[in-house]
1. Which ones in the range 81-95 are over 23 Å from Leu149 (Cβ atoms) and open to solvent by less than 30 Å² (accessible area, probe 1.4 Å)?
2. I'm told Asn118 meets every condition in (1) surrounded by 15 or more Cβ atoms within 10 Å (Cβ to Cβ); (2) among the polar types (S, T, N, Q); (3) under 20 Å from Ala90 (Cβ atoms) except one. Can you identify the failing condition by its number?
3. May I ask you to list pairs of residues, at least six apart or on different chains, whose Cβ atoms are under 6 Å apart, with the first in the range 58-74 being within 21 Å of Ser111 (Cα to Cα) and the second being outside any helix (DSSP H, G or I) and open to solvent by less than 60 Å² (accessible area, probe 1.4 Å)?
4. Suppose we keep only residues that are surrounded by fewer than 16 Cβ atoms within 10 Å (Cβ to Cβ) and in a helix (DSSP H, G or I) within the range 104-115. Which one would you say is nearest to the chain's Cα centre (by Cα)?
5. Applying the selection to the range 160-195, what residues are among the small types (Gly, Ala, Ser) and farther than 15 Å from Phe135 by Cβ?
6. For the range 176-192, which residues satisfy the criterion of being within 23 Å of Glu152 (Cβ to Cβ) and either open to solvent by less than 100 Å² (accessible area, probe 1.4 Å) or touching a strand residue (DSSP E or B) at 6+ places or on another chain (Cβ under 8 Å) (or both)?
7. Within the range 147-157, is there a residue that is over 21 Å from Val194 (Cα atoms), open to solvent by 30 Å² or more (accessible area, probe 1.4 Å), free of Cβ contacts under 8 Å to residues at least 12 places away in the same chain and not basic (Lys, Arg)?
8. Would you please name the residue that is farthest from Ala122 (Cα to Cα), looking only at residues in the range 56-95 that are of a type in the set (Asp, Glu) and outside any helix (DSSP H, G or I)?
Amino acid sequence: MFKRHATYYGFVLALLILVTACSSTPSKAPASSPSEPATSAVTDHKSPEERVLSLYEGEDMSAEDKATNMLAHVEGMDWMEYNRLSNGKALETLELLYTHRSLIQPEHYTSLFLATTNLDGASAEQYAAIVGELFTKDREGVVQALADLGDEASKQSVISSIAYHLGYQDVAHVKQEVQQWQTNKVLNDAEKDVIASLLAALDYP
């Protein structure tokens, strides 16, 4: 009988040891997902010219997507520097924006209006076509955006560009339309100043 008890107690002891060993074995941690690339947490220090060129040369986007994304990043562009970085593609880039000008929304106006540095020759004319067509399409939105623009030099540059483009039309008729539009609108002082500057610029487009 003692032998049977010894066997029983030995079995219980072995079972306890086995349970203890299993419970003390560290569970395998679930595989961690790959960490985000370090670059995602780093501020993008690219210049506007580098960002726009990267978008322009991107091969995984449609022309429409390129235009929309570039519009969000053109603020502060120096077109001479961009022309240097892109090996002479400033005009091509502006032509792309002009082709897809229907994609330009009010939220893009400020960025576009602050992208006038070192426009020259054909590039300046293409930019003028963009903002001139934009003014024709959305006169009120453009005037409001220009009135709110903090950079006076950029504001006058855009107004001159609009006047240059409208100068290809019957200037007397254009001025009459703008004045009539102004009469039918309730404008604040800043907006009236934009119209006054535009009318003056149309005398010497």
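1. Of all residues in the range 81-95, those over 23 Å from Leu149 (Cβ atoms) come to 83-89, 91-92, 95.
The one that is over 23 Å from Leu149 (Cβ atoms) and open to solvent by less than 30 Å² (accessible area, probe 1.4 Å): Ser86.
2. (1)
3. Once the first residue is within 21 Å of Ser111 (Cα to Cα) and sits in the range 58-74, its partners that are outside any helix (DSSP H, G or I) and open to solvent by less than 60 Å² (accessible area, probe 1.4 Å) give Glu64/His100; Ala67/His100; Val74/Ala115.
4. So in the range 104-115, the residues surrounded by fewer than 16 Cβ atoms within 10 Å (Cβ to Cβ) come out as 105-107.
Pick out the ones that are also in a helix (DSSP H, G or I) and you get 106-107.
On the way: Pro106: 12, Glu107: 9 Å.
Looking at residues that are surrounded by fewer than 16 Cβ atoms within 10 Å (Cβ to Cβ) and in a helix (DSSP H, G or I), I get Glu107.
5. Restricting attention to the range 160-195, the residues satisfying the condition of being among the small types (Gly, Ala, Ser) are 160-161, 163, 167, 172, 190.
If the condition is that a residue be among the small types (Gly, Ala, Ser) and farther than 15 Å from Phe135 by Cβ, then Ala172, Ala190 are the ones that fit.
6. Filtering the range 176-192 down to residues within 23 Å of Glu152 (Cβ to Cβ) leaves 178, 182, 185, 187-192.
Matches in the range 176-192: Val178, Gln182, Lys185, Leu187, Asn188, Ala190, Glu191, Lys192.
7. The initial filter retains those residues of the range 147-157 that are over 21 Å from Val194 (Cα atoms), namely none.
Among the residues of the range 147-157, not one is over 21 Å from Val194 (Cα atoms), open to solvent by 30 Å² or more (accessible area, probe 1.4 Å), free of Cβ contacts under 8 Å to residues at least 12 places away in the same chain and not basic (Lys, Arg), which makes the answer no.
8. Going residue by residue through the range 56-95, those that are of a type in the set (Asp, Glu) are 57, 59-60, 64-65, 75, 78, 81, 92, 95.
Add one more test, that the residue is outside any helix (DSSP H, G or I), and what stays is 59-60, 75, 78.
Values: Glu59: 26, Asp60: 28, Glu75: 20, Asp78: 15 Å.
My answer is Asp60.
The values are calculated or read from the model by the stated rules, or taken from the named source; none is laboratory data. From a predicted model like this one, the values you see are computed outputs, not experimental measurements. Here the Cβ is made from the backbone with ideal geometry for all residues, glycine too, and neighbour counts use every protein chain on show. Remember, those area values only see protein heavy atoms, side chains included, never the ligands or the DNA or RNA. Shrake-Rupley method; radii C 1.70, N 1.55, O 1.52, S 1.80 Å.
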